[in-house]
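*Asks:* Here it is, the structure, as structure tokens.
The values are calculated or read from the model by the stated rules, or taken from the named source; none is laboratory data. These numbers were taken from a predicted model, which means no experiment stands behind them. Positions of Cβ are backbone-derived with ideal geometry, glycine not excepted, and every protein chain shown enters the neighbour counts. Calculation scope for accessible area: heavy atoms of the full protein, side chains included, ligands and nucleic acids excluded. Shrake-Rupley method; radii C 1.70, N 1.55, O 1.52, S 1.80 Å.
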Amino acid sequence: MTNETTLIIKNRAEKERTIKDAIFAFSGGTKSLLIKGEGEEISTAVEVAEILKSRMYPGVEISNISLGSRPFIDRRQYRNYKRNKSKTEKDLISKIEITLEKAI
């Protein structure tokens, strides 16, 4: 059995490429697909999952949705991060993980 495939959406322009990659993964025998999006790309991840579920593969179901957040550190300001931030102040970025599975 083929393992889970992970697709990470980094910008909106990757939406069509991600859909194509998902189609190739399902055609190649993948049973489970994990779509990840962070920040502004959460809506793109949801759109990709809905397109795959409803239009492309009617036998695909959403089996799990995971919401969360992680600390955000601007790499350009990393040196000043520890000096300017107190321990109680944190910047967070939201994330979503959507698992799609092929119906057997």
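*Asks:* Probe 1.4 Å, all protein chains in place: accessible area of K15 in Å², nearest 10?
*Replies:* Taking all protein chains as shown, K15 has close to 40 Å².
*Asks:* Moving on. So if R0 is 41 Å, what FRET efficiency would D91 and S27 give, r being the distance between their Cβ atoms, rounded to the nearest 0.05?
*Replies:* Once rounded, the FRET efficiency stands at 0.55.
*Asks:* So if each residue of separation counts as 0.36 nm, and I subtract the Cα-Cα distance between F72 and E16, what length gain in nm does that give?
*Replies:* 17.5 nm
*Asks:* Still on this structure, I have one more. What does the C-alpha gyration tensor say about the overall shape of the stretch 1-64? Classify as rounded when a/c is under 1.5, otherwise prolate if a/b is larger than b/c, or oblate.
*Replies:* It comes out prolate by the Cα gyration axes.
*Asks:* For L34 and S63, calculate 0.36 nm times their separation in residues minus their Cα-Cα distance, and state this gained length in nm to one decimal.
*Replies:* Extra length available between L34 and S63 comes to 9.4 nm.
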